[in-house]
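The values are calculated or read from the model by the stated rules, or taken from the named source; none is laboratory data. Please read these numbers as outputs of a predicted model, since none were measured by experiment. Glycine gets a Cβ as well: all are built from the backbone with ideal geometry, and neighbour counts include every protein chain shown.
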Amino acid sequence: MHYKIILTLLFCSVMINAVNAETINFGNSFFNKDRTNTISKVINIQNNTENTMEYSIAFTAHPSMQTSDIKITPLTDDVYDDDTKEFFSSITKDSCIQHYGETLFSLPANQKCRLHITFSPTEVKDYNEEMVITARQSNTTEIYATTKYEIKGKGIHMPDFTVLYYTDNSGENSDNKRAEYSIKWNGETAGVKSDEYAYIKILKNPESKQPLTFSLEGDKSFEIDKNLTTCKIKNNTIIEPEKEPCGIVISFKPASAGDFTSKLIFNKRILSGAKEYLLYGGASDVLDFGTVYFGGNVQKILILNSSDTDQRYSILSESKENNFRLVVLNDTNISSCITNSDETNFLLKKGQSCYLGFTFAPDRNEEFSKKVIVMSNTGERREITLKGIGVEKLQEN
C-alpha cells in the first residue's frame, strides 16, 4: 500500500488530563483537489493512570472524517522488501488508530500512542478547527478529562512551475526534437527564494526493479523542495508511484549575487526525461518594489557571513533619498540584522546570516532608485540596488 504524504512531524507529549488548549499550526500548504500534497503532524497521547482509558476524537467544524481536509489517519512507516526491492507502507504498532475513519481507541495503564493528523487543503482559504479528545475510564460513562486543540492552516495557490519537455521512452519530445534537459533561473534577487520552481515528473518504470536514487551536485543554491515535492523520498531514494505520477520540485535560493550551476543526477533514466538535468541560476542585488501606492512596502535581502571569522558590517548609502529606508524585520522566523531603524552597523558571527529589510514609501508620482553598500571590516563589499515606482492611489467613491 502506498500513500502520497509529505511528512512534517511535530511531536508534542500531552498529559491527557491537562486543561490548557494546545495549538497545532500547519502553516501554509499548496491546495490540491486530489489531496496529493499532505502535511502531517503527530502528537503523543499518554495514559498516566493505573486504569485502561477509552478515548474519543471529535472535530467541532465538520462531522465527517472522510471528506474533511483535516483528518486523523493511521501513522505509517516505510518498510523495504529485500525480495521485491520495493518500499511499502506499514501501520506502526504505536499508532493510536489502525484504520481510516476511526475516532475511538483505548490505552492500557501507563501506556502511550501517537496520533497522526493530516492537512490536505482543497481550497484557498484559512482553516480553523477545534479537535476535542475525551478520555473515559474503561466500562464507565463518566468523563475523566477533555483536551482541546486549536488546529490552524492555510491553503494557498501553487506557484507556476518552470516548464520542462516531457518525453516518451525514446527520449524524444512530441515535435521529434531532442529534449533539452536544462533548467534556468534568470534575474533573481540574491538572498531571496525564487517564486519559480522546476517540476520533474516521475512515473513508475515497470521494467526496472532497481530503486530510483538521485544526487544533487554543485552549488547549494539549488535544492529539492520537500514541501512541494509530491514524490515520497527516503534519504536519496525516490519511491516510484504505482499509478498516478508524482513530481520532484527544485527550488533556487541564491545566497549572493552571481551565476550558479548544479546538476541533478538520477541513477537510471526516468520515463519522463533523462538521467541528468543541468541547473543554471543568475541573481543580482536588486530589490525591485514595482509600482507602490503612496504608503509603504517592505522587502528583505539575506546577508551571509561565509568567512572563517566574525565580521562587522557597515551600511552605507550613495544618496539621501528618503523614500527608501532601513526597517527592522519583525518576523519571528527570520533574524533581522538590525534592532532599530537608525542602526548602520551590525555584527555577524562566522557561518551566521541575517536579513536586511528595506521599506519603500513613495510620497509622489515618480520612479525612484537608490544604491546601498554593505561593507565588512575585512573589505568585502556588496552593492544593493533599490528600485520602485510611486503612484497615487485613486480615491474610491
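Can you tell me how many residues in the stretch 87-115 are among the charged types (D, E, K, R), over 16 Å from residue 43 (Cα atoms) and in contact (Cβ under 8 Å) with a residue 40 or more places away in the chain?
Looking only at the stretch 87-115, we keep the residues that are among the charged types (D, E, K, R), and these are 93-94, 102, 112, 114.
Going one step further and asking which of them are over 16 Å from residue 43 (Cα atoms), we end up with 102.
Cutting the leftovers down to in contact (Cβ under 8 Å) with a residue 40 or more places away in the chain gives us none.
Going through the stretch 87-115 one residue at a time, the tally reaches 0.
Identify the residue in the stretch 329-341 that is in contact (Cβ under 8 Å) with a residue 12 or more places away in the chain and surrounded by fewer than 13 Cβ atoms within 10 Å (Cβ to Cβ) and, among all such residues, is nearest to residue 286 (Cα to Cα).
Looking only at the stretch 329-341, we keep the residues that are in contact (Cβ under 8 Å) with a residue 12 or more places away in the chain, and these are 329, 334-338, 340-341.
In the following step, the residues that additionally are surrounded by fewer than 13 Cβ atoms within 10 Å (Cβ to Cβ) were identified as 340-341.
Values: 340: 23, 341: 20 Å.
Of everything passing the filter in the stretch 329-341, 341 is nearest to residue 286 (Cα to Cα).
Only one of these is over 20 Å from residue 227 (Cα atoms) and either within 23 Å of the chain's Cα centre (by Cα) or outside the structural domain of residue 53 (by TED's automatic domain parsing) (or both): 129, 102. Name it. Steps first, please.
Numbers: 102 fails: either within 23 Å of the chain's Cα centre (by Cα) or outside the structural domain of residue 53 (by TED's automatic domain parsing) (or both).
Checking each option against the conditions leaves just 129.
In contact with an Asp or Glu (Cβ under 6 Å, 6 or more places away or on another chain), outside any loop (DSSP other than H, G, I, E, B) and closer than 25 Å to residue 25 by Cβ: does that describe residue 133? Break it down into steps so the answer makes sense when it comes.
Values: in contact with an Asp or Glu (Cβ under 6 Å, 6 or more places away or on another chain): no; outside any loop (DSSP other than H, G, I, E, B): yes; closer than 25 Å to residue 25 by Cβ: yes.
No.
Exactly one condition in (1) among the β-branched types (Val, Ile, Thr); (2) out of contact with any Phe, Trp or Tyr (no Cβ under 6 Å at 6 or more places or on another chain); (3) at pLDDT below 85 is not met by residue 147; state its number.
(3)
Given the criterion modelled with pLDDT of 90 or more and β-branched (Val, Ile, Thr), identify the matching residue among 134, 122, 84, 140. Outline the logic, then answer.
Numbers: 122 fails: modelled with pLDDT of 90 or more; 84 fails: modelled with pLDDT of 90 or more; 140 fails: modelled with pLDDT of 90 or more.
Answer to the selection: 134.
Could you tell me which of the residues 217, 196 is farther than 25 Å from residue 351 by Cα and either touching an Asp or Glu at 6+ places or on another chain (Cβ under 6 Å) or not β-branched (Val, Ile, Thr) (or both)?
On the way: 217 fails: farther than 25 Å from residue 351 by Cα.
Being farther than 25 Å from residue 351 by Cα and either touching an Asp or Glu at 6+ places or on another chain (Cβ under 6 Å) or not β-branched (Val, Ile, Thr) (or both) holds for just one of 217, 196, which is 196.
Identify, please: which residue in the stretch 319-362 is more than 18 Å from residue 297 (Cα to Cα) and more than 30 Å from the chain's Cα centre (by Cα) and is, among those, modelled with the highest pLDDT?
For the stretch 319-362, the residue satisfying everything is 345.
Do we have residue 109 as loosely packed, with under 14 Cβ neighbours inside 10 Å and modelled with pLDDT of 85 or more here? So that I can check it myself, show each step before the final result.
Details: loosely packed, with under 14 Cβ neighbours inside 10 Å: yes; modelled with pLDDT of 85 or more: yes.
Yes.
So residue 109 passes all but one of these: (1) in a strand (DSSP E or B); (2) over 32 Å from the mean Cα position of the chain (by Cα). Which condition number does it fail?
(1)
Could you say whether any residue in the stretch 371-391 is exposed (fewer than 11 other Cβ atoms within 10 Å of the Cβ) and farther than 15 Å from residue 313 by Cβ?
Taking the stretch 371-391 and keeping what is exposed (fewer than 11 other Cβ atoms within 10 Å of the Cβ), we get 378-379, 381.
Then drop every residue that is not farther than 15 Å from residue 313 by Cβ, which leaves none.
No, the stretch 371-391 contains no residue that is exposed (fewer than 11 other Cβ atoms within 10 Å of the Cβ) and farther than 15 Å from residue 313 by Cβ.
Being within 27 Å of residue 368 (Cα to Cα) and of a type in the set (Val, Ile, Thr) narrows it down to one of 239, 248, 303, 265, so name that one. Even if it seems obvious, please write down each step before you answer.
On the way: 239 fails: within 27 Å of residue 368 (Cα to Cα); 248 fails: within 27 Å of residue 368 (Cα to Cα); 265 fails: within 27 Å of residue 368 (Cα to Cα).
Answer to the check: 303.
Quick check on residue 279: is it at pLDDT 85 or above, hydrophobic (A, V, I, L, M, F, W, C), more than 30 Å from residue 349 (Cα to Cα) and in contact with a Ser or Thr (Cβ under 7 Å, 6 or more places away or on another chain)?
Values: at pLDDT 85 or above: yes; hydrophobic (A, V, I, L, M, F, W, C): yes; more than 30 Å from residue 349 (Cα to Cα): yes; in contact with a Ser or Thr (Cβ under 7 Å, 6 or more places away or on another chain): yes.
Answer is yes for this residue.
Condition check ((1) over 22 Å from residue 243 (Cβ atoms); (2) at pLDDT 85 or above) across all residues:
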| residue | (1), (2) |
| --- | --- |
| 4 | no, no |
| 42 | yes, yes |
| 53 | yes, yes |
| 60 | yes, no |
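I'd like to know if the stretch 173-181 contains one or more residues that are crowded, with 17+ Cβ neighbours inside 10 Å, outside the structural domain of residue 303 (by TED's automatic domain parsing) and modelled with pLDDT of 80 or more.
Checked the stretch 173-181: no residue is crowded, with 17+ Cβ neighbours inside 10 Å, outside the structural domain of residue 303 (by TED's automatic domain parsing) and modelled with pLDDT of 80 or more.
Looking at the stretch 208-227 only, could you name the residues that are part of a loop (DSSP other than H, G, I, E, B) and among the polar types (S, T, N, Q)?
Taking the stretch 208-227 and keeping what is part of a loop (DSSP other than H, G, I, E, B), we get 208-211, 219-221, 225-227.
Within the stretch 208-227, 208, 210, 221, 227 meet the criteria.
Is at least one residue of the stretch 135-155 under 30 Å from residue 195 (Cβ atoms), without any contact (Cβ under 8 Å) to a residue 60 or more places away in the chain and not aliphatic (A, V, I, L, M)?
no
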